[in-house]
Amino acid sequence: AGLEARDVTFLVTTPGGTPPDDPLFIVGNFNQWVPGDARYEMTKIASNLFAITMKKPLGEMEYKFTRGPWG
């Protein structure tokens, strides 16, 4: 309670071997699990570190990270 509609920030470190030019996205129940959604592309802030700040959706938030399409 009281956490609804607050900003949340995610910081993600990609593992070694991740192609350096690949984008990173957060996907989840807040965007109907649509991978590669440009609205949720994370900002690269270092060679293997990405960030995004977004409003927490109402209710439980389920999410994953992807480099684009599920394949």
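Values in this text are rule-based calculations from the coordinates and carry no lab data. None of these values were measured; they are calculated from a predicted model. All Cβ positions, glycine included, derive from the backbone under ideal geometry; neighbour counts span all protein chains shown.
Quick rundown of the values:
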{"item": "Candidate aspartates and glutamates - alpha carbon under 17 Å from LYS64, same-chain residues fewer than 8 apart omitted", "result": "ASP22, ASP37, GLU41"}
{"item": "Packing-based ranking, highest mean first, of 39-46, 59-66 given that Cβ atoms within 10 Å are counted", "result": "39-46, 59-66"}
{"item": "Taking segment 17-65 and dividing mean pair separation by its residue count, relative contact order in percent (alpha carbons under 8 Å, at least six apart)", "result": "41 percent"}
{"item": "The chain: mean projected area of Cα convex hull, nm²", "result": "5.0 nm²"}
